[in-house]
Each structure stands twice: as C-alpha cells, then as structure tokens.
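What follows is a single structure, written as structure tokens, with notes after it.
Just so you know, all these numbers are worked out from the coordinates, no wet-lab data involved. Just so you know, these numbers come straight off a predicted model, no measurement behind them. We place every Cβ from the backbone using ideal geometry, glycine too, and count neighbours over all the protein chains shown.
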Amino acid sequence: MILTEILELKEKEMISAVGGGGKTTLLFNLALELSKVGKKVLLSTTTKIYLPESEENFKVILGDEEEVLNSIKAEKNLIIISGKRIVEENKLEGLNKSFYNIIFEKNMFDYILIEADGSKRKPIKFHAYYEPVIPELTTKVIGIVGLDCMGEKLDNQIFHRAEDFSREFGYKIGDNIDEKMVADLIISGKGLFKTSPDDSEKILILNKADNPDRQNWATKIIKEIKKRSDNLSLAKILITSFEKNILMTDNGG
C-alpha cells in the first residue's frame, strides 16, 4: 500500500488526521513510508496518541514545547515522536497546536503528521465543541470512518458521542447506522471536517473495508455523498483495509 503516492504528497506537508477507526495506524504507516525514502518526519498529536509497540524506527522526545524544540534541533532521526509526557500506559499527550505551526514554518521537517482528535478506539465519532484541534497551517486533513460501524446500532459502544450526534442530526439512540447517517456526519460543517483550514485538502478514508459487505457499504456512502447538494469539496475518497492491505480510490469532486 503506497500511501505517499495515492495521497499525492507535495515536498512539504502538515497532515492532520481526524475521526474514527485507524488514525494512529494510518499516520505510523505513512511515517514509515516517508522515512524509507529519506524524509524527516515529525509524528505527534494535539490530543493524545498511543505509542507504537516497537520503537526501533522512532525517536521519542518528551517535554514541553521549548524542551522538544531544543531536542529536535540536535536530532537526526528520520521519524520523531514528540509530546509532553506519558499520561496513560503507553500513551503520549500532545503539544499546543501553535507549536506545530512554528516548526512547520521553520522547515525543520519534510512532513508533520498530527493526530488531531481522539475516538476512544471507536470506528466513528462526532466531535465535541472543542474538537478537532487542527493546526492552522495544516495542508491536508484526513477524515476517517471505520466501516465496521455500518449496520450497527447508534450507541456509545460503536459511535463516540452518539448522544451529541443524535441531538444534532435528529436521530435516535438505537437507530441503525446507514449510509445516510454517515453522509450527514461527513458533509456537515459541524461534522467530520469541522475546523479544517479553508485552503486545506480534505481527504475521506473509509477504513476497515476487510470484506465485500463493508466494501459495498463504502460504495453506498460514496453514492450518498455525491448526490447531496451540500458544499463539501473532497480532494480524494479512499477505501482501505490496513489489515488486508487494501487500498481503492474514488475521486472526491
């Protein structure tokens, strides 16, 4: 799966990932791909992120903004993970989003990859009022929906902040999650791509397409998005399964 090619990355990018199932896996896979072609990558978060089980490919730098900045200047590793401190078992707390804007402008990295919200490992989520925390200089925002939510009940077992979503869009707890519900989340200005910089590219990833049923759900979601008149411009739509090494594309438009 060559993410770097299909995302059509420019020479310098700041990429923020938001939404549900697969953000951390996506960003770590992308960081590894970029490092293999000699790119210097910062992988971090404006919220919290799980550290990889094996850190042999990564240099972890802990501290506040000034401490991390000083450490980065002296570091030659291709992939650096930064954050304030371990706040839970194997978890890292991020830095202020303005910090990432500063180091992006200083050209200290070829690519900065940011996990910009948390989903409690649920496949789909609705943002709280303070989310997502996307740096203003982000060039690409990747919104992720896990297809393992499709056909399931709208509740907090599957859908992070299900009550808030149901109030906003007029659904009921216990309704079946279908393509119309997911399209509402994706298209709304209060939904998946909320707070994205106006000039950033918006890329939708429908993840966990591990079998034909889920791939069929992905097709239904894409058709539903395309027939809406809402003003959302998606640069790309990807259908992925990191477990099965599946990557299919559909032009956003």
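Between GLU163 and LYS190, with labels modelled 7 Å along Cα→Cβ, what's the label distance in nm to one decimal, could you check?
1.6
Assign unit charges at the C-beta atoms only (+1 for Lys and Arg, -1 for Asp and Glu), then state the dipole size of region 1-102 relative to its Cα centre in Debye, rounded to the nearest 20.
200
Work through the residues other than ASN176 whose Cβ is under 10 Å from its Cβ and net out their charges, Lys, Arg +1 and Asp, Glu -1.
-2
Percent relative contact order of the chain, based on C-alpha pairs within less than 8 angstrom and at least six residues apart?
21
List the longest stretch of the chain that has no exposed loop site; here a site is one of the chymotrypsin sites (Phe, Trp or Tyr not before Pro) assigned by DSSP to anything other than H, G, I, E or B, with at most 13 other Cβ within 10 Å.
1-128
Give a quick list of trypsin sites (Lys or Arg not before Pro) in region 93-142 that DSSP marks as loop, anything other than H, G, I, E or B, with at most 14 other Cβ atoms within 10 Å.
LYS106, LYS120, ARG121
What do you get for GluC sites (Glu not before Pro) in region 1-81 restricted to DSSP loop and a cutoff of at most 10 other Cβ within 10 Å of the site's Cβ?
GLU11, GLU53, GLU56
What FRET efficiency comes out for the pair ASN57/ALA235, r = Cβ-Cβ distance, R0 = 30 Å, nearest 0.05?
So the FRET efficiency works out to roughly 0.60.
How high is the FRET efficiency from ASN77 to ILE6, r the C-beta distance, R0 41 Å, rounded to 0.05?
Calculated value: 0.95.
Pairs of alpha-carbon atoms within less than 8 angstrom and 6+ residues apart define the contacts here; what relative contact order does region 85-224 have, in percent?
Once normalised by length, the contact order is 26 percent.
Under a point-charge model restricted to the Cβ atoms of Lys and Arg (+1) and Asp and Glu (-1), what is the dipole moment magnitude of the chain relative to its Cα centre, in debye to the nearest 20?
320
Would you calculate a helix-derived [θ] at 222 nm for the chain, using -39,500 (n - 2.57) for each DSSP H run of n ≥ 4 and dividing by the full residue count, to the nearest 500?
Roughly -8000 deg cm²/dmol at 222 nm, from the helical runs in the chain.
Measure off 7 Å from each Cα along the Cα-to-Cβ vector at SER98 and LYS220, then give the distance between these two points in nanometres to one decimal.
4.6
Are there trypsin sites (Lys or Arg not before Pro) in region 157-191 that DSSP puts in a loop and that have at most 12 other Cβ atoms within 10 Å, and which ones?
Passing both the DSSP loop test and the Cβ count: LYS172.
Quick one: which of LYS73/LYS190; LYS122/LYS227; LYS48/LYS153; LYS140/LYS226; LYS76/LYS236 span more than 30 angstrom between C-alpha atoms?
Listed pairs above 30 Å: LYS73/LYS190; LYS76/LYS236.
Stretched out fully, how many nm does the piece from ASN70 to ASP175 gain, at 0.36 nm a residue minus the Cα gap?
Extra length from ASN70 to ASP175 when fully extended: 32.7 nm.
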